[in-house]
Every structure is written in C-alpha cells, then in structure tokens.
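A.B. asks: Below: one structure in structure tokens.
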Amino acid sequence: MDRALLADFLRARREVLQPEDVGLPRGPRRRTGGLRREEVAALAGMSVDYYSRIEQQRGPMPSEQVLAALARGLHLSLSERDHLFDLAGHPAPRRILRDDQVSPTMKRIVDRLADTPALVMSRFGETLLQTRPAVALFGDFTRFSGLSRYLVYRWFTDPASRDIYPVEDHALRGRVFTVDIRAAYTADPTGRAGEIVAALLAASREFAEVWRLHEVDVTHHHDLKRYRHPELGELELYGQRLVDPDQAQELLVFSATPGSPSFDKLQLLLTRQN
C-alpha cells in the first residue's frame, strides 16, 4: 500500500469532479470547485472521519469493499478503479463493463452539444442520454422500460419504432441492429445480451431469420443514413461515433452536409428548439 500516492490520487479525483457530475446540487455558498470530503464520504457510504484519514495517510489499509465504494462514488473509469486498487495494495477486480451510467466526461461533452442532435447509447442499444434536438428529431428514446429500452428489441417487436426510417431501408437497419447485439452477445452470452437475444428469438421470427445469418459486419454500416421526420420529411444525416471503452458506451452525433436540403431542415428543427 502506497499511502501517499493513494491519498494524492483520491484528492486529485475529488478536486476535478463537480457536484453536478455526481448528481449533487452546487449550492449558492460553494466558492471552490471540486467535491468536499463529506460529499465523497456520503457518495461512498462511509463516515467523513474514515475517508479523511485515508486522504491524510492515516488509518488501516482500506478493504476491497471500501475501495469499490470509493470508485463508484467518484465515478472512476475502469482504468482509474484498477489504479486505485493497485495503490491500496489489492488486486484489481475482474473488469465488468459498466453500461448504465454516463461518465462525467461524456456528460460534459453532451452538455456542450446542446444545439446538436446527439445521444449516448450502451453496447446493448439502450439510449442513456439525449440532447433536446435529438429528442425533437427522433423522439424520446429514454422513456422506455423493460426490454423495450433496447433498440434492437423495439425494432423487431414494435412496428412503430421503424417509422423513423424509410421502408426501403428497413431490411438493412434490422441487419445492422442484429450485428450490434451479436457483438455484445459474443462478449458475454450469459449476461444482458443473452437475455435480449433469447427474448427476441422467442418473440420475432424475423429476428430469428436474421440471427441465423451469423453476420458480424454489414456494409455501409456507418455511411450516410436516411431518416423520416413527421413534419420535415426525409433527412440524410451522418452519424459520427465517439466510443468510451471503459463504459462500453458510444456517443452518436448527427450532422448534415452544409448547403443540402437536409442541412436546411436540420437548421429549421434547431431553430424551433430555441
């Protein structure tokens, strides 16, 4: 255990986090950035005295349970969590990709895209966060519950979910979404992806037929795509992906070619948001 480096690391992570990054109110009297020790202690479910002793290089070696709680409370990435365990003299836990919590860094990026259609999705196709323009363009994908949270499940069980794509593109979209869930399934067939695939095989003959193709890639997966909007009509948009490997999430940012009809429609949509 390296007490000095452990204390420095915890202090550094605490000072770069903002209250809003971890769901806390900033409050009118806060004059400095970063979290307070008592806030970290509350987030990790421990006493302020116990946490303070760690930062002050005092007290016993933190247990693995304490370290895991600190990693959750400070929203550490997997690499940061592993480093925390190393400094405390414990072997790092087996990596289990977190996919249901948007990292503070990703959230800050999305906040700066407030005037752009953008959304954060898990590796299972669950939309975790959307900008207002993305909601105006596609609808609110975060409102779903149960298996309907996952795009691939909605696609093969709810015909209304296909309305945002032209009918001519439906077959290709279904293959793309199946490729995506296959990648998650191959990485962990007994986890959540396995649950989604089993449910789809039981509910959708169409999915079963596509699944049997064993496709692992689809041509033009990331090329220009066509979308349908109930008021603006058809738009041709590019979807640029930014992947966060620690969270197993991706940020999708949508844009149109400047000067194109789709660009003008997108600008009209954004104007309506202001």
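A.B. asks: Across the range 101-200, how large is the tail of the calculated P(r) beyond 24 Å, expressed as a percent of all Cα pairs?
C.D. replies: Working: 1294 of 4950 pairs.
Above the 24 Å cut-off, the range 101-200 has 26 percent of its Cα pairs.
A.B. asks: From the gyration tensor of the Cα coordinates in the range 3-87, what semi-axes in whole Å does the equivalent ellipsoid have, largest first, with each one equal to sqrt(5λ)? The partial results should precede the final answer.
C.D. replies: Numbers: eigenvalues 84, 38, 27 Å².
One finds semi-axes of 21, 14, 12 Å for the range 3-87.
A.B. asks: Sequence-distant or interchain residues sharing an amide H contact under 5 Å with Gly89, placed H: which?
C.D. replies: Under 5 Å from the amide H of Gly89 lie the amide H atoms of Asp2, each far enough along the sequence or on another chain.
A.B. asks: For the range 167-260, how big is the tail of P(r) above 17 Å, as a whole percent of Cα pairs?
C.D. replies: Numbers: 2665 of 4371 pairs.
So the portion of pairs separated by more than 17 Å is 61 percent.
A.B. asks: Just want the answer: with Cβ charges of +1 for Lys and Arg and -1 for Asp and Glu, which residue in Ala183, Ala208, Val152 is farthest toward the dipole's positive end in the range 104-273?
C.D. replies: About the Cα centre, the residue reaching furthest to the positive side is Val152.
A.B. asks: Here's something else I'd like to know. How much net charge surrounds Asp169 when only other residues with a Cβ under 10 Å from its Cβ are counted (Lys, Arg +1; Asp, Glu -1)? Walk me through the numbers before you get to the answer.
C.D. replies: On the way: positive: Arg162, Arg173, Lys225, Arg226, Arg228; negative: Glu168.
My count for the surroundings of Asp169 gives +4.
A.B. asks: Still on this structure, please answer the following. Taking the Cα centre of the chain as origin and charging only Cβ (+1 Lys, Arg; -1 Asp, Glu), how large is the dipole, in debye to the nearest 20? Before the final figure, lay out the partial values.
C.D. replies: Working: 38 positive and 38 negative charges, 165 e Å.
With Lys and Arg at +1 and Asp and Glu at -1, about 800 debye.
A.B. asks: Using a Förster radius of 22 Å, what is the FRET efficiency between Ala12 and Thr105 based on their Cβ-Cβ separation? Nearest 0.05, please.
C.D. replies: Working: r = 15 Å, r/R0 = 0.67.
After rounding, the FRET efficiency stands at 0.90.
A.B. asks: For the chain, what is the convex hull (Cα atoms) projected area averaged across all directions, in square nanometres?
C.D. replies: Details: hull surface 69.2 nm².
Mean shadow area of the hull around the Cα atoms is 17.3 nm².
A.B. asks: On C-alpha positions alone, give me the angle between the axis of helix 64-73 and the longest principal axis of the chain, in degrees, nearest 10.
C.D. replies: 60 degrees
Every read-out reported here was derived from the displayed coordinates using simple, explicitly stated rules and does not represent laboratory data. In this text the structure is predicted, and so the values were computed from the model without any measurement. Backbone-built Cβ (ideal geometry, glycine too); neighbour counts: all protein chains shown.
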